[in-house]
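First the structure, in the form of structure tokens, and then the observations on it.
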Amino acid sequence: MQQMLEKNGVKTYKTDTVSAPKRFNYWQKAACDAFLPLEAERVDDGQFSGCIQVVHAGGIGVSSIKADKQIIRRSRRHIQKSEASSLIFICQTSGFGTVRQDCQDVKLKEGDITFVDSDRPYEFKFDAMFEQAVLQVPKQVFLERCRWLVGVAPIKLDGSNPLAQLVQVNLKTLLEVGGALPVNTRPMVFNNVINLLSTALGQAFGETPPEASEPTLMHIQRAKHYIIQNLKERRLCPDGIAHACDISPRYLRALFAEEGQTVSAWIRTQRLESARMELERTSNISAPINQIAYRWGFSDYTHFCRLFKATYGMSPRLWRNKISLKS
């Protein structure tokens, strides 16, 4: 990528390397290059500034981000462009932010840690300048330690938690010295941080939940991947999903029941989130709301509006008007 600097194994992206009118466009491309396909949206027309630094080791990346206010979204469109799946752990090191996935908001202050799954839509919102340390781990690598995290909505490790503090210190240290570490020792050091993080997450649940077996993990991931890839199909149903994944409908329902939900509820949540994210895209502000609902698999517009209001507290039209007034 042009304007990206690399020294001692550390990649750096700075908006001040390009002219002011091109900075946000550069930032959008830099974020995709450093992490995964996604889109960034400006919150105002002021001058934008941002910097990303990334150190990689064995497919694992640790990054620092410092940037002005914005909204970052990863939609179904971006997910379909990705070949790899990751769990992305975010440590707020300065300022405030809100992370949203699966209809759940996690508000972050300095020191707090949360995570998102790259295989499901998510968004980050920042109302002022912020800083974060980010650990991006291939999903299978992390799930070897915490298989119970499959499909879990984001949880927060409070910054006052001693283990969360240890994670933050280790991430900051990796960002400071990671580029100077011998290449052959980096994976071991990065894995030590992953082990510490998995311990902290286990504590956050009170105790480490029972781990899923390999077949169970494989089947639930395959089912969710199939749902994501076919979310716009109105005829998407448990029987069809089970057939596509070569498992019985009863077993499919049992897999989701172990997570405390039904197959249909999980599909509905993913569709609602996708429709809401499309409603918020300023580039698509004139698209008829009923068409957005139909595009995401809802066959009854009235039913969609009812579900949307029950989930988000207002009608789709009011939600869009609220967003357009902020833009």
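Quick notes on this one:
- Boolean, W296 is within 20 Å of the chain's Cα centre (by Cα) and either assigned by TED's automatic domain parsing to the domain that holds F126 or over 18 Å from E123 (Cβ atoms) (or both): no
- So V167, is it surrounded by 19 or more Cβ atoms within 10 Å (Cβ to Cβ) and at negative phi: yes
- Some residue of the range 156-164 being touching a Ser or Thr at 6+ places or on another chain (Cβ under 6 Å) and either under 30 Å from L255 (Cα atoms) or outside the structural domain of V55 (by TED's automatic domain parsing) (or both): yes
- Taking the range 42-112 as the region of interest, the strands (runs of 3 or more DSSP E) fully inside it that hold 1 or more residues being of a type outside the set (D, E, K, R), buried (at least 20 other Cβ atoms within 10 Å of the Cβ) and in contact with a helix residue (DSSP H, G or I) (Cβ under 9 Å, 6 or more places away or on another chain) are 50-57, 60-67, 70-74, 86-94, 97-101.
- Matching residues in the range 167-183 - criterion: being in contact with a Cys (Cβ under 8 Å, 6 or more places away or on another chain) and β-branched (V, I, T): V167
- Cβ separations smaller than 6 Å between residues 6+ apart or across chains give the following pairs from the range 176-202 residues that are assigned by TED's automatic domain parsing to the domain that holds P138 to residues that are assigned to a helix (DSSP H, G or I) and buried (at least 19 other Cβ atoms within 10 Å of the Cβ): V193/N170; L196/V167; L197/V167; A200/A164; A200/V167.
- For the range 230-237, the condition holds for at least one residue, the condition being that it is at pLDDT 90 or above, surrounded by 15 or more Cβ atoms within 10 Å (Cβ to Cβ), outside the structural domain of Q104 (by TED's automatic domain parsing) and of a type outside the set (D, E, K, R).
- Flag for P210 being in a loop (DSSP other than H, G, I, E, B) and either at pLDDT below 85 or at negative phi (or both): yes
- The number of residues in the range 254-285 being at pLDDT 90 or above and surrounded by fewer than 15 Cβ atoms within 10 Å (Cβ to Cβ) comes to 4.
- Among residues of the range 248-263 that are part of a helix (DSSP H, G or I), those with a beta-carbon under 6 Å from a residue that is modelled with pLDDT under 90 and β-branched (V, I, T) at least six positions away or on a different chain give the pairs L255/I220.
- The residues of the range 188-198 that are more than 23 Å from R100 (Cα to Cα) and surrounded by 13 or more Cβ atoms within 10 Å (Cβ to Cβ), listed by number, are V189, F190, N191, V193, L196.
- In the range 113-142, residue surrounded by the most Cβ atoms within 10 Å (Cβ to Cβ) [restricted to those that are among the β-branched types (V, I, T) and under 19 Å from T173 (Cβ atoms)]: I113
The values are calculated or read from the model by the stated rules, or taken from the named source; none is laboratory data. All values reported here derive from a predicted model rather than from experimental measurement. Note: ideal-geometry Cβ built from the backbone for every residue, glycine included; neighbour counts use all protein chains shown.
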